[in-house]
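Remarks on the structure that follows.
The values are calculated or read from the model by the stated rules, or taken from the named source; none is laboratory data. Remember, predicted model here, so these are calculated numbers, not experimental data. Backbone-built Cβ (ideal geometry, glycine too); neighbour counts: all protein chains shown. Side chains are part of the model used for accessible areas, which takes the heavy atoms of the whole protein and leaves out ligands, DNA and RNA. Shrake-Rupley method; radii C 1.70, N 1.55, O 1.52, S 1.80 Å.
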Amino acid sequence: MDTQSFRKHAHELVDWMADYFESVEDYPVMSQVNPGDILKQIPASAPEQAESFDQVFKDFKDIIMPGITHWESPNFMAYFPANKSKGSVLAEMLMSTLGAQCMQWLTSPAAAELEEQMMVWLREILGLPETFTGVIQDTASTATLCAILTAREKVTEYAINERGFDNQKFTVYASEQIHSSIDKAVKIAGIGAVNLRKVGVDEAFAMVPEQLNQIIEADLNDGYTPLCVVSAIGTTSTTAIDPIDEVGDICLKHQVWHHVDAAYAGTALILPEMRWMSEGIQKADSFVFNPHKWMFTNFDCTAYFVKDPVSLVNTFTITPDYLKTSVDGEVKNYRDWGIPLGRRFRALKLWFVIREFGVEGIQEKIRKHILLGQWLANQIEAHQDFELMAPVPLNTLCFRYINGETDKLDQINEEIMKKVNNTGKLFFTQTKLNGKFVLRLAFGNTNLEAYHVENAWSLIQQTASTIEL
Ligand code: PLP
């Protein structure tokens, strides 16, 4: 493709992108295709000859678009959002145009230095301790794996990196409600899934610290080495807030690494009135949150903060001759701060987003989302046919329809969810709490307005009244 054609097609695409932003609510939120529908439209083999961009773009619209679930829609209320803003999309366009692979300072000094400063900005706007140093990772899963690996290496004085395992019996702790990325990290880090201790939760689904302490003490008596406790500011099912302060004390007492997973809810710390959630954070060893979930920065962009960056770097550093540079002693080479060597220029997105809204603009949106969460919680509580199944500290609601025979309620609620999602007007998902099937709505889209939440609630009520079992 010559530059002239690139210019022409890029303009077409930007027009399409702007139209998409304006019309996203016209698409069914959840893709309505069946398994295999897309696959059968893609040729079995790669084309031998070049094809025109017009043809490729037509196929994108005809074949790919029907198979897209529209995370960009304010009616997307499933999982957690992966929201974005126009500024972050524009930054992505520049990132891919530059194509800079930012593994170390020399490979793009601006990327390294902007990343350093963006982490300072984020630390300040979230009210995190000045003792934390940040680095951008791709996902929270990677950041948590980094935390567990660093904890492992710190405890063994880097022996496992050097010599491999030597019959050590390590344990990691998290609540029953913790995200599956912790289970995965424990497996990958060689700790063994059976050595992840799941601590019980209270009625608000938050970790019970006394139980954590008891389990650690029992493990110490049995000859285990406790490595790391992962607590959550905002669990995935219900956005429960673990008692960070008390967990921090227990970790200090037993000298265990305390990693705080705030993947979704961390963004809410931008509001001073929500900082109760992070009380005691200065005692933690690491903290992760995803601007790619709720801070209007398109996927992927994870902010990982550590108190002791030296242990992090010591865990991951490897400098073969071909990567050595004359400035290594003076700069941050972020390839040493995580797992992959190659790194995208993600700091650019953060820079664009924070400047697009300003801190106040981000605060305004987050505050609105939380208020809408409170509004819907009140509606559900006031409705005789629905029951709230968990506290609502933020904007994730777990509830169920209860007008039916008790033993059929799981099935009824599942039917409600399927029927609503099949309308294409709303997409939300489920969770299980205390063994019960629960409807779960999480809304944090950049363009969310009150009427989206009101419409979602009306649709769920209407649909519930039509289910007969
Ligand atoms: N932690 C929590 C609490 C989450 O809810 C999620 C994903 O939803 C993750 C971690 C994993 O995030 P990522 O996809 O960035 O790995």
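List of remarks:
- Scan of the range 222-239 for residues that are away from the ligand (no atom under 16 Å from the Cβ) and either of a type in the set (D, E) or surrounded by fewer than 22 Cβ atoms within 10 Å (Cβ to Cβ) (or both), ordered by number: D222, G223, Y224, T225
- The residue of the range 435-454 that is farthest from G361 (Cα to Cα), among those that are touching a residue at least 12 places away in the same chain (Cβ under 8 Å) and loosely packed, with under 14 Cβ neighbours inside 10 Å, is A450.
- If you filter the range 104-130 down to residues that are under 23 Å from the mean Cα position of the chain (by Cα) and acidic (D, E), you find that the one that is most open to solvent (accessible area, probe 1.4 Å) is E124.
- Meets criteria (under 20 Å from D138 (Cα atoms) and buried (at least 21 other Cβ atoms within 10 Å of the Cβ)) for V256: no
- Residue match in the range 79-87 (condition: part of a helix (DSSP H, G or I) and within 16 Å of the ligand (Cβ to nearest atom)): no
- Condition met for D183 (surrounded by fewer than 24 Cβ atoms within 10 Å (Cβ to Cβ), within 16 Å of the ligand (Cβ to nearest atom) and closer than 24 Å to L394 by Cβ): yes
- Within the range 171-180, considering residues that are open to solvent by 10 Å² or more (accessible area, probe 1.4 Å) and in contact (Cβ under 8 Å) with a residue 60 or more places away in the chain, the one nearest to the ligand (Cβ to nearest atom): H179
- Contacts under 6 angstrom Cβ, first residue in the range 253-266 being without any contact (Cβ under 8 Å) to a residue 60 or more places away in the chain, partner open to solvent by less than 10 Å² (accessible area, probe 1.4 Å) and part of a helix (DSSP H, G or I), 6 or more apart: H254/I216; H258/G248; H258/C251
- The condition (being of a type in the set (V, I, T), farther than 30 Å from M118 by Cα and within 21 Å of the chain's Cα centre (by Cα)) is satisfied by just one residue among T396, T431: T431.
- The range 245-261, residues that are within 16 Å of the ligand (Cβ to nearest atom) and in contact with a Gly (Cβ under 6 Å, 6 or more places away or on another chain): H258
- Number of the condition not met by I270 [criteria: (1) under 15 Å from R123 (Cα atoms); (2) within 16 Å of the ligand (Cβ to nearest atom)]: (2)
- Restricting the range 66-78 to residues that are more than 16 Å from the ligand (Cβ to nearest atom) and open to solvent by less than 40 Å² (accessible area, probe 1.4 Å), the residue that is nearest to A347 (Cα to Cα): E72
- Filtered residues of the range 275-323 (kept if assigned to a loop (DSSP other than H, G, I, E, B), away from the ligand (no atom under 16 Å from the Cβ), modelled with pLDDT of 95 or more and touching a helix residue (DSSP H, G or I) at 6+ places or on another chain (Cβ under 8 Å)): E279, G280, D285, D308
- Selection within the range 13-65 - hydroxyl-bearing (S, T, Y), open to solvent by less than 50 Å² (accessible area, probe 1.4 Å) and either on the phi > 0 side of the Ramachandran plot or not in a helix (DSSP H, G or I) (or both): S31
- Residue match in the range 92-114 (condition: within 18 Å of V359 (Cβ to Cβ), acidic (D, E), assigned to a helix (DSSP H, G or I) and modelled with pLDDT of 95 or more): no
- Condition check for L122: touching a helix residue (DSSP H, G or I) at 6+ places or on another chain (Cβ under 9 Å) and either charged (D, E, K, R) or in a helix (DSSP H, G or I) (or both): yes
- Count - residues of the range 337-364 that are free of Cβ contacts under 8 Å to residues at least 60 places away in the same chain and either touching a helix residue (DSSP H, G or I) at 6+ places or on another chain (Cβ under 7 Å) or open to solvent by less than 30 Å² (accessible area, probe 1.4 Å) (or both): 2
- The condition (being of a type outside the set (A, V, I, L, M, F, W, C) and more than 16 Å from the ligand (Cβ to nearest atom)) is satisfied by just one residue among D242, D202: D202.
- Flag if M30 is among the hydrophobic types (A, V, I, L, M, F, W, C) and touching a helix residue (DSSP H, G or I) at 6+ places or on another chain (Cβ under 6 Å): yes
- First in the range 150-170 and surrounded by fewer than 15 Cβ atoms within 10 Å (Cβ to Cβ), second anywhere and assigned to a loop (DSSP other than H, G, I, E, B), Cβ under 7 Å, 6 or more apart: F165/G190; K169/G223; K169/Y224
- Whichever residue in the range 132-141 is open to solvent by 20 Å² or more (accessible area, probe 1.4 Å) and near the ligand (Cβ under 8 Å from one of its atoms) and, among such residues, is nearest to I188 (Cα to Cα): S141
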